[in-house]
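The values are calculated or read from the model by the stated rules, or taken from the named source; none is laboratory data. Note that the coordinates shown come from a computational prediction; the quantities given were computed from them, not determined experimentally. So basically every Cβ, Gly included, is an ideal-geometry build from the backbone, and we count neighbours across all protein chains shown. Areas reflect the complete protein model, heavy atoms only, side chains present, ligands, DNA and RNA absent. Shrake-Rupley method; radii C 1.70, N 1.55, O 1.52, S 1.80 Å.
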Amino acid sequence: MANPNGSVIFNTTVFRDGSWVNERVTLQSVLKAHAASNQIRPAIEPAPRFGLLTKTVIESSKANQILPVNLRSPQHDDVAFIGDHSVQICQLRTDGRLKEVIRKTDFPCRIRSACVIGASRSKTGDEAQVDTLTPIIKPDPGLPFSATQSQLPPQLLMLVLENGDSVFLFVRTGSDGKNEFIAEHFQNPRASSPDLGFHVAVDPSSRYIVLTNPEESFVVYELESREALEHRYARGEPLRPVKSIRNRRIQGVIQNATFLYPRAGDDHHIILLLIIVNNNQSHIVIYQWDLGNDLEGVFAEVKSGHRIIPEAQMPLLLIPLTVDSAFLAVSADHIWVCTQCLYGPPTFEAMIDIPLEKSARPRHHGLGAPLWTSWTRPPRLKSFLAKRDSIFLAREDGVVIYIEAESDCIPTRCTLVKTFDTSISACASINEQHADVLILGSDSGPGSVWRAPARKPIEPLGILPNWSPAVDFTTTYHADTTEKFNKTGLPVQLRKPDRIFATCQSGKMGSITEYRYGKKASIGLSIEAMPGMRDSWMFPSRGSFSPHGYSLLLSEPGGSAILSLTPDLAVVEPLAAESVPYDLDSPTLVFKDSDSLSVQVTTGSVVLIRGDTSARYVHSGFPCLHEATIMDACVMDECVAVSAHIESVFSIYIFKIDQTKLTLSHVRTINAGAEVTCVSINSNFTLLVGLWDGSQPLIGSCSLEHTSNELAAEPLPKLLAIEQPNDYPTGLPDIESIGSIVSTQGRVLVGTKSGELFTLVKDHSTHSRFKVVNYEKFGTTPAILTCHQIKSMADPILLLTCDTNLVSIEIDHKGQPRTKSRVWPVDYENLGAPPLPVLRARVVDTPSEAGQAQILMISGSNLVLAELDDAPGPVQRSIELKSAPNKIIYSHFLRCLVVAVLKDDKPSLLFIDPNTGEDLSKPVSSKNQPVEFISGLGKERDRILCLNEWRFIKEGKIFYYLVVGTRNGNLLVIYSQRESDQTLEGPTRIRYWTKWKKDYSEPVYSVLGYDEGLVFCTGLTLRWGRVDEFERRLKSQKSHDLESPATSLKISGDKLLAMTSKDSLIVVDHIRAENPGTPEKTTVHNVDPQRHRGGHFIETQRTDGGSIVLISDIECNVGAFWIPWQTPDADVEMALRASLRASVRKFQVANVRPLWDHPETFSSNNRFTTDHVGDILGISLNGSLHSFTYLTINTWRFLRFIQNLIATDDPETYELYRSPLTSDLEPRQGKGLEMQVDGDILERFLIKGELEKLVSKRQSMTRFMELLEKIDNGEHTQGLSPENDGEKYLTLGYDILEYYLRPVL
């Protein structure tokens, strides 16, 4: 039909407002709609394709077991710390500290349990010590005598993994002189369950091991004799320690298992004891046999066992006693002695009743009474253990008791050792100088080491670092620092690295852990000296003028000073100037000490010392220096170079020492031609001079073996531009004068006064004397270099100080400064102390117990002597809180850490200075009166569930608030400010009080502030609210119902990203109505279709087309997801998946890399293209820290190809890392684990340096080169020929691996 206007009208059915309806439409409207649909729409941005490099930055410090072991030799009493995925072997030093010997982390899965096999063969007096595993079987006479003379250590360590397999370990010295693990993997062919190894026990003869599966069965391994193992080891054969296996299924649950000791004279008697729970009753089941019996017959009988008395049901611990085949059954309230259990119903006698304290100890945070958790048998003489036994028993609240039992099993001594300030989860005991050393481990906070001498008070020896459980963490990263300049006015590449802080819950004695990585320098001596010290030297005292011990020579602004130290460094005394031959009237420029001659050069003279003979030569006594001003000096063997100037003319004066006559003569004068800033002489007697011509630094050189008196000088910026012309498109960096020069391994290292480090080599291809092979920026203050070779080490030690930081630099075999590690001085008496500022440092050649280097540092007015670790590792700083922290943020406005804590089970806030660790908090009421808790906090059994900083913006004004949500349903807006009246008594305090408060009936799980509003989750509801300052309350705007609580929120554009506990990530509208009174609706746009049980998420990149989000789940997985903003109804798309060893509890982005490794720093390190938005970090509950790096497809393909080659080359090792083994070497793109590159695999491969071997096959080498040529569009392979430049391709491959695997911290 047609309307009056002539338009054609017809009826149609359309879907409108949720139902189908009939409507009349015109032909024109249909054509118009059709035309609109044909308009060009913007292209939909596809999901990006990329790879993900995952790497463990810092391993967990938690030790599940602590075992005394002799894994190296009978002379080494070591301690094994067994973690979830690591084994650390340590030795006890004479100063009480535990020093790491070796660590192993490449296990296929979690370590379930561990035990020690074999005897302790350390000696005390004339008798051998024995422990729980003393073999009492005589040698097999059928084996040759030579088999017992091998170097197999006395004991082996057996680990049981979660997959049921076992690993046997010991330590030996490798061909390079370093310790190495020897591991033998054993796979039980009859393993019936992956839960095998829930309990593990070794019989006293070390010939049988029992492994239990709680609900099904147990397995007994019969082991080879010690003699057989030594015989195989001597022949270089695999040990194959398991001789036979016997499985036995049972009915019930195996609650515990152990082997009992046989009675005296019955050494071949084997006694296996099982505690089996059936029908809610605990039974003792005992199997007995003689050594060598057929196990099939032994376990053929079905045994029901004997009931345990009701009071002793379900014992926590079983402790076999060495006397009368008895054992202790430890329950929560009693300790029972069980005897006569071999041939009838056992007899239980309550040995002791330990009264439990009504109030929990500070380290105990359980709701019930504290439980006994661990025991250890201290080393004792064999004659002692023949008639009595002794046990240390530890409880989780820190109580340790000592028990002695006689042969009649009547306890003769049961005493309280001490109630330690440690939550004890594991313990061990070793012997040291006629005293027991107790090692107490904790799974909740730090452990401790104590010395317990007989009949004397117990003494503390040290702390066992532990930063787990890590409940929350934060960084000092701020998005504003991504701008060109930060608030300090310095370019981004010169800003300090961000810092990482995590909460460590350990009962009522919680702490904040600052994550740091580098080389630890353990402080042994600190001397208060004079402010403004220029340099210092420490050397052995020689001559009758100096007492026996060491001497310290200090260069001070107005002169020098000499100090005397006793050999044990316990006493420090100043020496008078008239009693020593040194020149103390002038500042010392250089000091060189050797056995035959000591040389001191000051601004006033040169002093030569040989034994008790010395000679002093005043500079003004030489005609050439009569009117000169001395600036710098250096000494090499018998050659002394002094730089000086007369008015504005600079020269270098060369002197020669005659050691026989102890004379000094002037040899030659070299014209500098510019201002001399430093001088140095290398081992080839080439004079190296730092020059400044008024506008740029120059490096000058002159061979002292030739007669030329002129320097050949070249500008450093020019050398830099020649070698790296494309690295500085906007111009060369500003470089100040040279401050220090050292030479080592054919390289010249130059430190400038603007913080740069140049590495130079001789250039034989051009007219230049030198060429730059490496350039790095370390800071803005002078980079001061020192290099020293000590007798106990093969390579020289190079130290650099800049910006009060100390860096250790290791030179590789090519002479490149490859490995750089921040050095962290650590005071073991104050682990929470702020980092020590280091102005200058040098290595001193003094004896060390562990053969480690000693470094002498100037820190302010203090001289500090410390022992430098050989290898970098975690160097955590712990700030004690005396309360339990659970949430933490860093406030850039307040410049402090804000921590949610529990004080006596009541929630509160602390404001902690991150530098000093001091508590700055001052809670006040709304009327500014001091209170213990602000309004809304302080309620017993309440908890703070969320904490955030709110940047409140209204009418162009910015205010900063803290927003807090609690378990009781309180939503708090808190105002805080620093007090203006700072006094001399302490730091500026921070007052804080509740500004607004709103109560809900359900917990507030998460909260986020934006402009004038808040979005938060209460119960299963997302709510939006706005502050009404007129009515002084929070007004609700809208809400949205969820299926599970939202634990994390983020606003991205006009959308809200919410991480829920059960439904993963959802995306909802976040659009504010123009009229505050207008109700708003929310629409769910994107969801995760797989609904991972969420942990945390972080949005890492965003474009108009979509965002990349990393999501963790509780199953140790991390997924990278693409949120398509252009298709709001589409599901969130998974781009890839990665598997980790522990679930990520929280993500953060931060620029934590050191200054010389920042991607925007002018540095030779940054050769490869990266899309740097900061390092993506994730923390796990066990304290481990992980990093995540996005990879371009070409980079991913190359690194994944290397990973696949490792799988083919060593499948057993590759299986250790959770990745699917494939015979196809070519990486295939997908959306799963194939897009993950496991940095832990590649790092262990890189340490071995076997890339040549890995790509030795022709097809592998060809593909290796092809993949290299695609990285960064072939930029790094230009001019290389696959036929002729194979070595250069391999070098490039190493460079790429080192670049992506370099330490994040």
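Once the convex hull of all Cα atoms in the chain is built, its volume per residue stands at 258 Å³. Each 10 Å bin, from zero up to the one with the longest distance, holds this percent of the alpha carbon pairs of region 375-429: 25, 49, 23, 4. Oblate is the label for region 773-872, because a/c, from the alpha-carbon gyration tensor with a ≥ b ≥ c as root eigenvalues, is 1.5 or above and a/b does not exceed b/c. Using R0 = 41 Å, the C-beta based FRET efficiency linking THR1262 and ASP176 works out to 0.80. When each of the peptides 104-111, 1125-1132, 396-403 is scored by the mean number of other C-beta atoms lying within 10 Å of its residues, the order from highest to lowest reads 396-403, 104-111, 1125-1132.
Under the convention that each Lys and Arg Cβ holds +1 and each Asp and Glu Cβ holds -1, the size of the dipole of the chain around its Cα centre is about 2300 debye. With respect to the cross-link table entries LYS62/LYS791; LYS753/LYS820; LYS520/LYS791; LYS519/LYS887; LYS887/LYS1062; LYS903/LYS998, which display a Cα-Cα separation exceeding 26 Å? Pairs exceeding the cut-off: LYS62/LYS791; LYS519/LYS887.
Among ALA521, PHE758, ILE309, which residue has its Cα positioned farthest towards the positive end of the charge dipole of the chain, with +1 placed on the Cβ of Lys and Arg, -1 on the Cβ of Asp and Glu, and the dipole taken about the Cα centre? Positive-end residue among those listed: ILE309.
Give the shape of region 541-620 as rounded, prolate or oblate, defined through the alpha-carbon gyration tensor: a ≥ b ≥ c are the square roots of its eigenvalues, a/c under 1.5 means rounded, and otherwise the shape is prolate if a/b is larger than b/c and oblate if not.
Details: a/c = 1.97, a/b = 1.36, b/c = 1.45.
Oblate, since a/c reaches 1.5 and b/c is not below a/b.
The dipole here belongs to region 232-349: it is taken about the Cα centre, uses +1 on the Cβ of Lys and Arg and -1 on the Cβ of Asp and Glu, and is about 540 debye. Per residue, region 873-927 exposes 37 Å² of solvent-accessible protein surface, assessed with a 1.4 angstrom probe and all protein chains in place. Among 657-663, 158-164, the peptide with the highest mean count of other Cβ atoms within 10 Å heads the list, and the full ranking is 158-164, 657-663.
Express in whole angstrom the spacing between the alpha-carbon centres of region 839-854 and region 409-457. So the two Cα centres are separated by 33 Å.
In region 843-939, Cα pairs under 8 Å separated by at least six residues give a relative contact order of 13 percent. From largest to smallest, the equivalent ellipsoid semi-axes obtained for region 950-1025 from the alpha-carbon gyration tensor read 28, 17, 8 Å.
What is the projected area of the convex hull of the Cα atoms of region 249-400, averaged over all directions, in nm²?
For the Cα atoms of region 249-400, the hull's average projected area reads 10.7 nm².
Can you tell me the order of 263-269, 966-972 when each peptide is scored by its average per-residue count of other Cβ atoms within 10 angstrom, highest first?
Listed from highest to lowest mean packing, they are 966-972, 263-269.
Heavy-atom surface analysis with a 1.4 Å probe gives the chain a carbon and sulfur content of 49 percent of its accessible area. Name the residue from LEU799, GLY690, LEU1065 whose Cα lies farthest towards the positive end of the charge dipole of the chain, charges +1 on Cβ of Lys and Arg and -1 on Cβ of Asp and Glu. About the Cα centre, the residue reaching furthest to the positive side is LEU1065.
Would you work out which of VAL1144, ILE974, MET636 lies farthest towards the positive end of the dipole of the chain, given +1 charges on the beta-carbon of Lys and Arg and -1 on that of Asp and Glu, about the Cα centre? The one lying farthest along the dipole's positive direction is ILE974.
Using helices alone, I'd like the mean residue ellipticity at 222 nm for the chain: each DSSP H run of four-plus residues gives -39500 (n - 2.57), total over residue count, nearest 500.
-2000 deg cm²/dmol
A 1.4 Å probe run over region 643-751, with the rest of the protein chains in place, finds 45 Å² accessible per residue.
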